[in-house]
1. Would you mind stating whether ALA119 is over 29 Å from THR85 (Cα atoms) and either at pLDDT below 85 or not in a helix (DSSP H, G or I) (or both)?
2. Just checking, which of LEU101, LEU109, LEU122, LEU117 is within 22 Å of THR45 (Cα to Cα) and more than 22 Å from the chain's Cα centre (by Cα)?
3. Does TYR146 meet the test of being more than 17 Å from the chain's Cα centre (by Cα), at pLDDT 85 or above and aromatic (Phe, Trp, Tyr)?
4. I need the full set of residues from the stretch 179-227 which are among the polar types (S, T, N, Q) and within 27 Å of the chain's Cα centre (by Cα), in order please.
5. Within the stretch 275-287, track down each residue that is surrounded by 10 or more Cβ atoms within 10 Å (Cβ to Cβ) and either touching a strand residue (DSSP E or B) at 6+ places or on another chain (Cβ under 8 Å) or assigned to a helix (DSSP H, G or I) (or both).
6. Take the residues of the stretch 183-221 that are basic (Lys, Arg) and out of contact with any helix residue (DSSP H, G or I) (no Cβ under 7 Å at 6 or more places or on another chain): which is modelled with the highest pLDDT?
7. Of all residues being of a type outside the set (Val, Ile, Thr) and surrounded by 13 or more Cβ atoms within 10 Å (Cβ to Cβ) in the stretch 122-133, which is farthest from LEU246 (Cα to Cα)? Just the residue, please.
8. Could you check how many residues of the stretch 63-91 are surrounded by 14 or more Cβ atoms within 10 Å (Cβ to Cβ) and among the hydroxyl-bearing types (Ser, Thr, Tyr)?
Amino acid sequence: MLRESHKDRIQEEIGNDEIVTGKGLNQEISLVRAEDTRWNSHLKTITSLISLFPEVKKVLEYVEDDGDNGASRLQASGLLSYFKTFEFVFYMHLMLTILGLTNSLSQALQRKDQDILEAVDLIRTTKAQLQMLRENGFDQVLEKCYSFCDKHEIVKLDMTEALNPCNSFSQFNKSSLLKLSKMYPRDFDDKERMILEHELDIYYHFVYNDVRFANLNGIADLARSMVATRKHLSYPLVYRLLKLTLVLPVATATVERCFSAMKLVKTNLRNRIGDDFLNAALICDIEKEAHAKVKTEDVIDRFQKMKTRRGQI
């Protein structure tokens, strides 16, 4: 159904002169299953999902209405709802950009005949590209997100304009800011989002009437002014949200190390490990340098002091 739907769309776009034809163009594609540790497969999955996004939505709508069982219909409904959010579009394009920059390095490090000097140069170049993305690439990612949202009729979230101090905060949008906070569940829990809603009202009334915030040129100036006036202490949640709009998270090799370590620790024979024990085991494997500094005697003493024991270790 996915392939047939994609074929029909290509034929329609060719008939409307929306795409060009030629040898090797408009080939049949399908979704790619992502592997556990090879990030190259994740890049292929994201690119195919972007290319087949209308067809994926159509298949999910079909499963939602005519799925074999209630579980599949419910799962399709949940995926379909998430696919229509700006949050999903943003994450998808952000990971596409990051994985695209690191793809050459990822494939090179998997080759057995890799030259160490060439690998060092490639790492240095990739780090420089990621730093450029952090400093100057955020607008390009957002531009691609907005274009994708316009094409597929997804409601956009303007993260910069919602906090933009230009023109006396004329673009201030509390609902958009609250939606933005939901994109950072590790930084804002449910209680903090409820407090943030009221803090935004007080914050807007303050900055709108304070002449010190009258002639700012962007959110970077706004952040500096809040620190200079110590208002970042009075409005900590707003300032936290402001920092998140200024900082672009960049994936590192630590994530891949975690997945690799997890496959070694949680095997088929040990598939019922609890979260606490798994986290402790992964920390010992991943943070080898810190773990090497821990003395055996300290571990024995702490274990002995946890409770009264029959024998002395």
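The values are calculated or read from the model by the stated rules, or taken from the named source; none is laboratory data. Note that this is a predicted model, so its numbers are computed, not measured. Please note: Cβ atoms are built from the backbone with ideal geometry, for glycine as well, and neighbour counts cover all protein chains shown.
1. So ALA119 fits the description; yes.
2. One residue alone meets the criteria, LEU109.
3. Answer is no for this residue.
4. Matches in the stretch 179-227: SER181 only.
5. Within the stretch 275-287, PHE277, LEU278, ASN279, ALA280, ALA281, LEU282, ILE283, CYS284, ASP285, ILE286 qualify.
6. LYS191
7. LEU122
8. Residues in the stretch 63-91 being surrounded by 14 or more Cβ atoms within 10 Å (Cβ to Cβ) and among the hydroxyl-bearing types (Ser, Thr, Tyr): 3 in total.
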